[in-house]
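The values are calculated or read from the model by the stated rules, or taken from the named source; none is laboratory data. A quick note: this is a predicted structure, and the numbers were derived from the prediction, not measured. Glycine also receives a Cβ, built like all others from the backbone with ideal geometry; neighbour counts cover every protein chain displayed. Keep in mind that these areas ignore ligands, DNA and RNA; they rest on the heavy atoms of the full protein, side chains included. Shrake-Rupley method; radii C 1.70, N 1.55, O 1.52, S 1.80 Å.
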Amino acid sequence: GAVVSQHPSWVICKSGTSVKIECRSLDFQATTMFWYRQFPKQSLMLMATSNEGSKATYEQGVEKDKFLINHASLTLSTLTVTSAHPEDSSFYICSARPKLTSGRGYTGELFFGEGSRLTVL
Amino acid sequence: AQKITQTQPGMFVQEKEAVTLDCTYDTSDPSYGLFWYKQPSSGEMIFLIYQGSYDQQNATEGRYSLNFQKARKSANLVISASQLGDSAMYFCAMRGVSGYSTLTFGKGTMLLVSP
């Protein structure tokens, strides 16, 4: 259980084009999804937090007009990199927080997608 | 604010030996949670183990155990009987008081297991 699928796994695009990355929770509902960016051999940098049905909350320094996030349903969030440039090349990874259906304490564990490697030429 | 520090950029271990990956943290929250994730070269983040700040015993999951020393604010990961498949990047992370707070990640430690 608790599988998160991210698509595409890798994408190469030309500078100036837009790229959409999907993050789906396959066997659970996710009230909140997180988008991270990771440069080679570095840690995960939180870009934004998206809650189903509301606007995403962006971390300081992340351009919301550049990185459009939509969380239209409890199982799908999308990240669109608009007018991509070579400096946007990176590994993008999403994670999902499950919607709790019981009163048990929640540890805070997040379930991660496989990541998407974006290369902008 | 929360801070996670992993001081070992890389670690080498021979197959079948045990290895300890260091993690120290800083927080002002009265309760918190600590996690370890594994990231192989393929990129996905794999959850390994969780320790709550009020848990009386150190967490264990198979070959993974967490050496939690609250007074020292450390949460080291111990991998027993290393396997070649353990070669990966390992991240220590923590969340604040609520299970709904965001995770803060350390910079990671690259573990290489040799035959």
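Observations on the model:
- Residues that are open to solvent by 10 Å² or more (accessible area, probe 1.4 Å), within 14 Å of another protein chain (Cβ to nearest Cβ) and not small (Gly, Ala, Ser) within the range B:57-67 comprise just one, B:Glu61.
- Set A:Phe39, A:Phe67: member being surrounded by 19 or more Cβ atoms within 10 Å (Cβ to Cβ) and not aliphatic (A, V, I, L, M): A:Phe67
- All conditions but one from (1) modelled with pLDDT under 95; (2) surrounded by 14 or more Cβ atoms within 10 Å (Cβ to Cβ); (3) touching a Gly at 6+ places or on another chain (Cβ under 6 Å) apply to A:Asp27; the one that does not is (2).
- Every residue from the range B:62-115 that is in contact with a Pro (Cβ under 9 Å, 6 or more places away or on another chain) and over 20 Å from A:Trp35 (Cβ atoms): B:Leu84, B:Gly85, B:Ser87, B:Ala88, B:Val97, B:Thr109, B:Met110
- Against the criterion of being touching a Gly at 6+ places or on another chain (Cβ under 7 Å), charged (D, E, K, R) and either under 15 Å from A:Met33 (Cα atoms) or open to solvent by 30 Å² or more (accessible area, probe 1.4 Å) (or both), A:Glu114 qualifies.
- Taking the criterion of being surrounded by fewer than 19 Cβ atoms within 10 Å (Cβ to Cβ) and touching a Ser or Thr at 6+ places or on another chain (Cβ under 7 Å), the only residue of the range B:30-41 that qualifies is B:Ser31.
- Out of A:Ala30, A:Ala84, A:Ala72, A:Ala48, sole residue that is under 11 Å from the mean Cα position of the chain (by Cα) and on the phi < 0 side of the Ramachandran plot: A:Ala48
- In the range B:75-91, residue nearest to the other protein chains (Cβ to nearest Cβ) [restricted to those that are farther than 18 Å from B:Gly43 by Cβ and open to solvent by less than 10 Å² (accessible area, probe 1.4 Å)]: B:Ala75
- Residue match in the range B:70-79 (condition: at pLDDT below 95 and assigned to a strand (DSSP E or B)): no
- Cβ-Cβ under 8 Å pairs, at least 6 apart or on other chains, the range B:1-29 side surrounded by fewer than 14 Cβ atoms within 10 Å (Cβ to Cβ), far side aliphatic (A, V, I, L, M) and assigned to a loop (DSSP other than H, G, I, E, B): B:Lys16/B:Ala81; B:Glu17/B:Ala81; B:Ala18/B:Ala81; B:Ser28/B:Ala1
- Contact map, the range B:93-107: residues that are more than 8 Å from chain A (Cβ to nearest Cβ) and farther than 17 Å from B:Ile49 by Cα paired with residues that are surrounded by fewer than 23 Cβ atoms within 10 Å (Cβ to Cβ) and polar (S, T, N, Q), Cβ distance under 6 Å, separation 6+ or inter-chain. Pairs shown: B:Val97/B:Ser31.
- Count of residues meeting criterion [assigned to a loop (DSSP other than H, G, I, E, B) and either out of contact with any Ser or Thr (no Cβ under 9 Å at 6 or more places or on another chain) or among the polar types (S, T, N, Q) (or both)] in the range B:42-59: 7
- Test: residue in the range A:2-23 that is out of contact with any Asp or Glu (no Cβ under 9 Å at 6 or more places or on another chain), within 12 Å of chain B (Cβ to nearest Cβ), under 25 Å from B:Gly108 (Cβ atoms) and assigned to a strand (DSSP E or B): yes
- Among residues of the range B:12-56, those that are of a type in the set (Val, Ile, Thr) and within 11 Å of another protein chain (Cβ to nearest Cβ), counted: 2
- Count - residues of the range A:25-56 that are over 26 Å from B:Tyr90 (Cβ atoms), within 12 Å of chain B (Cβ to nearest Cβ) and in contact with a Lys or Arg (Cβ under 7 Å, 6 or more places away or on another chain): 1
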